[in-house]
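Novice: Next up is a structure, given as structure tokens.
A short reminder: the numbers here are calculations on the coordinates, not readings from a lab. Keep in mind it's a predicted model, so treat the numbers as computed, not measured. Here Cβ is always computed from backbone atoms with ideal geometry, including for glycine, and neighbour counts include all displayed protein chains.
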Amino acid sequence: MDNAVTRAPHIVVVGGGISGLAAAHRLLGAGARVTVLEGSAVLGGKLLAGEIAGAPVDLGAESMLARRPEGVDLARAVGLGDRLQAPATAAASIWTRGALRPMPKGHVMGVPAQPGTLHGILSAEGLARVEQDRELAPTEVGEDIGVGEFVAKRVGREVVDRLVEPLLGGVYAGDAYKISLRAAVPQLFEAARTHDSLLDGVQDIQAKAAARQQTGAVFAGLDGGLGTLPGAVADAVRAQGGEIRTETPVLGLTRTADGWRIRTDTEFVEADGVILSTPAWSASALLAAESPVAAAELSEVEYASMVLVTLAFRRADLAGLEERSGFLVPPVDGRTIKASTFSSYKWQWVKERGSDLFVLRTSIGRYGEEQHLDWDDPDLVDVSLGDLGEAVGLAARPVATEVTRWIGGLPQYPVGHLAKVARIRAEVAKLPGLRVCGAAYDGVGIPACIASARRAADEIIATSTLAQNTQSDAGQ
């Protein structure tokens, strides 16, 4: 039989974050030969395992949506099913109007179904403004609209400034008034198209969720840290014959008569197909010659940078700290930190492995407010301690600190983002055997990134030549 027909296609995945690793895992399962090229020395991207005072911690993303299946499914597929762990507490607060207040129940990204749940968070005027929603004429949303713009028109700016902003900020580190409603909160976008009243729309969303009888935790982590997931996926990729090369930056990408030639800093790699699982700016540079239109669109994707400050205290020094998962901070209040996670309360594994330690962390910086990235580590620690002191009365000094800067960590999804992604994919699809995936396209969360990776892998395999090769190979 002709070896040119029966050989397994060779796919190169550029980028070894969770998206690239998930794509490689999917490709191998479909019978492809896979090489992953990662420019840095570390796999996993924004999933990063570390330690503080000898105790393991996450220094990047620490949880993923559990009610969307892709993340937990991948964890199970690579042998981590028994380490999946729900948060020990879901009780969260919001530090606003001078006090820590319980996060209201029954909201969709900060928009309530019942205005009464917002007492204490909004002023009397703000509460009265929410009540006007059902009296207003319908708001046209067109093809897309900013989350903040739409919500402010319906229920007032206070809801945006004190609830929507901090909640969206925790996901995108962006500006709620610029973020796309359709891309970031599709449930609310659909409600806006089908209901005259936003409050009625939120009630409908909640009624449908109740009818589905979804149970179990909304979020999940891993015993030992979500940062251990990339290593487990990488091990599974290698076990299936995949090759992973770190410290191998990709510098060029050229279409050939038979496929693709990838130029690294030391060699050329030939491939039948390529998946670009890199930040948008990197994908833009690599596509500049072969798809200038896609490259131009990708070059316009903006990113936010942020800092995580991880602090370890003697447990005894924080004995009076109220048990909660942490708190969010509305930017309108002018604080430096935008959130704090009480890791030793939120995650049982942190509590157990930290023994006599109490670990918490703060996040600082968002799109357009990134001056803090240039501060020295001790200054970032001090400003975090200052805000924590005001918020919860914390007076103790940490026994250890760790400052992690995520430069260009979170892509922004402005109004029109989904249309931009559609244009990028349409241009990329003109290049046989090439696809893109990652946080810049369909969602910044881990399940969304994995879904993006699976889509890219499935489309690569389904292209005519590769599909023929895979089927022939599978029949051997």
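Novice: If eta is 0.692 mPa s and T is 37 °C, what Stokes-Einstein diffusion coefficient results for the range 124-167, Kirkwood Rh from Cα pairs, in µm²/s? Please report the intermediate quantities before stating the final value.
Specialist: Values: Rh = 10.9 Å.
Using the Kirkwood radius from Cα pairs, D works out to 302 µm²/s.
Novice: In the chain, if the dipole is taken from +1 on Lys/Arg beta carbons and -1 on Asp/Glu beta carbons about the Cα centre, which of Val381, Ile121, Thr362 is farthest to the positive end?
Specialist: Ile121
Novice: Taking amide hydrogens as modeled 1.01 Å from N in the peptide plane, which residues meet the under 5 Å criterion relative to Leu410, leaving out close sequence neighbours?
Specialist: Placed amide hydrogens put Ala304 under 5 Å from Leu410.
Novice: Under a Cβ-only charge scheme (Lys and Arg +1, Asp and Glu -1), can you give me the dipole magnitude of the range 39-153 about the Cα centre, in debye to the nearest 20? Display every interim value, and only then the final one.
Specialist: Working: 11 positive and 14 negative charges, 80 e Å.
Rounded to the nearest 20 debye, it is 380 debye.
Novice: Might you report the magnitude of the Cβ-based charge dipole of the range 304-369 about its Cα centre, with Lys and Arg at +1 and Asp and Glu at -1, to the nearest 20 debye? Don't skip to the end; give the middle numbers.
Specialist: Numbers: 10 positive and 7 negative charges, 28 e Å.
It works out to roughly 140 debye.
Novice: I would also like to ask the following. Jot down the per residue volume, in cubic angstrom and as a whole number, of the convex hull over the alpha-carbon atoms of the range 51-95. It would help to have the intermediate numbers written out before the result.
Specialist: Numbers: hull volume 6.2 nm³, N = 45.
In the range 51-95, the Cα hull volume divided by residue count equals 137 Å³.
Novice: Here is a further query. Run through the range 231-291 and list the GluC sites (Glu not before Pro) located in a DSSP loop whose Cβ has at most 13 other Cβ atoms within 10 Å.
Specialist: Working: sites: Glu243, Glu247, Glu267, Glu270, Glu290; in loops: Glu247, Glu267, Glu290.
Hits after loop and neighbour filter: Glu247, Glu267.
Novice: Same structure, new question: Taking amide H positions as placed 1.01 Å from N in the peptide plane, with prolines and chain starts having none, which residues 5 or more places from Ala92, or on another chain, fall under 5 Å of its amide H?
Specialist: It is Met103, Ser325, by chain and number.
Novice: A follow-up question, please. How far apart, in nm, are the 7 Å Cα→Cβ label points at Thr336 and Ala137?
Specialist: 4.8
Novice: Distance between the C-alpha centers of the range 315-347 and the range 79-135? Whole Å please.
Specialist: Here the two parts' Cα centres lie 16 Å apart.
Novice: Projected area of the range 67-179, taken from the Cα convex hull and averaged over every viewing direction, in nm²? List each step's numbers first, then the result.
Specialist: Details: hull surface 37.3 nm².
Projected area, direction-averaged: 9.3 nm².
Novice: Report, to two decimal places, the Cα Rg of the range 282-368 normalised by 2.2 N^0.38 Å (N = number of residues). Can you show the working numbers first?
Specialist: Details: Rg = 19.8 Å, N = 87, 2.2 N^0.38 = 12.0 Å.
The value comes to 1.65.
Novice: What span do the alpha-carbon atoms of the range 21-106 cover on each of the three principal axes, reported in whole Å from largest to smallest?
Specialist: 57, 33, 24
Novice: Let me ask something else about it. Let me see the pair-distance distribution of the range 1-149: every alpha carbon pair, 5 Å bin width, integer percents in order.
Specialist: In whole percents, the pair-distance histogram is 2, 6, 9, 12, 11, 11, 11, 11, 9, 7, 5, 3, 1, 1, 1, 0.
Novice: Something else about it: At 10 °C and a viscosity of 1.306 mPa s, what translational diffusion coefficient does Stokes-Einstein give for the range 127-226, taking Rh as the Kirkwood radius over Cα pairs? Give it in µm²/s as a whole number. Can you show the working numbers first?
Specialist: Details: Rh = 14.7 Å.
Here the translational diffusion coefficient equals 108 µm²/s.
Novice: Over the chain, what is the percentage of antiparallel beta bridges among all DSSP beta bridges, to the nearest 5? Mind showing how you got there, number by number?
Specialist: On the way: 50 of 70 bridges.
Roughly 70 percent of the beta bridges in the chain run antiparallel, per DSSP.
Novice: For the chain, what relative contact order do you get, as a whole percent, if you take Cα pairs closer than 8 Å and at least 6 residues apart? Provide the component values of the computation, followed by the final result.
Specialist: On the way: 998 pairs, mean separation 121.5, N = 476.
Over the chain, the number comes to 26 percent.
Novice: Quick one: plug the Kirkwood hydrodynamic radius of the range 332-448 (C-alpha pairs) into Stokes-Einstein at 4 °C, 1.567 mPa s, and report D in µm²/s.
Specialist: Numbers: Rh = 17.6 Å.
Rounded, D is 73 µm²/s.
Novice: Could you tell me which residue out of Thr139, His195, Ala173 lies farthest along the dipole of the range 138-207 toward its positive end? Charges go on the beta carbon: Lys and Arg +1, Asp and Glu -1, centred on the Cα centre.
Specialist: Ala173
Novice: Taking the Cα centre of the chain as origin and charging only Cβ (+1 Lys, Arg; -1 Asp, Glu), how large is the dipole, in debye to the nearest 20?
Specialist: On the way: 46 positive and 58 negative charges, 180 e Å.
The dipole of the chain has a size of about 860 debye.
Novice: When the chain is fully extended, how far beyond the present Cα-Cα distance does Val293 get from Arg67, taking 0.36 nm per residue of separation? Intermediate values should be presented prior to the final figure.
Specialist: Numbers: separation 226, 0.36 × 226 = 81.36 nm, distance 3.62 nm.
Contour length minus the Cα-Cα distance gives 77.7 nm.
Novice: Determine Rg/Rh for the range 368-408; Rg is computed over alpha-carbon atoms and Rh is the Kirkwood hydrodynamic estimate from the same atoms.
Specialist: Result: Rg/Rh = 1.01.
Novice: Where both residues lie in the range 1-85, what percent of DSSP beta bridges are antiparallel, nearest 5?
Specialist: Working: 4 of 10 bridges.
So the antiparallel bridges in the range 1-85 amount to around 40 percent.
Novice: Could you tell me which trypsin sites (Lys or Arg not before Pro) in the range 308-383 are loop residues by DSSP with no more than 15 other beta carbons within 10 angstrom of their beta carbon?
Specialist: Working: sites: Arg314, Arg315, Arg324, Arg335, Lys338, Lys346, Lys351, Arg353, Arg361, Arg366; in loops: Arg324, Arg335.
Of the trypsin sites (Lys or Arg not before Pro), not one in the loops of the range 308-383 has a Cβ with at most 15 other Cβ atoms within 10 Å.
Novice: Same structure again: Explain nothing, just the number: relative contact order of the range 213-329, from Cα pairs under 8 Å at least 6 residues apart, as a whole percent. Let's see the in-between values first.
Specialist: Values: 78 pairs, mean separation 13.5, N = 117.
Computed over the range 213-329, the figure is 12 percent.
Novice: Give, in nm to one decimal, the length gained when the segment between Glu243 and Ala90 is fully stretched (0.36 nm per residue of separation minus the Cα-Cα distance).
Specialist: Numbers: separation 153, 0.36 × 153 = 55.08 nm, distance 3.97 nm.
Once the chain is fully extended between Glu243 and Ala90, it gains 51.1 nm.
Novice: Further, regarding this structure: When only alpha-carbon atoms are used, what values of Rg and Dmax, in angstrom, describe the chain?
Specialist: Considering the chain through its Cα atoms, Rg and Dmax are 23.4, 79 Å.
Novice: Something else: Which of the GluC sites (Glu not before Pro) found in the range 291-377 are in a DSSP loop and have at most 12 neighbouring Cβ atoms, other than their own, within 10 Å? Mind showing how you got there, number by number?
Specialist: Values: sites: Glu297, Glu300, Glu302, Glu322, Glu323, Glu352, Glu369, Glu370; in loops: Glu300, Glu302, Glu322, Glu323, Glu370.
Here the GluC sites (Glu not before Pro) that fit, given the DSSP loop and packing criteria, are Glu300, Glu322, Glu323.
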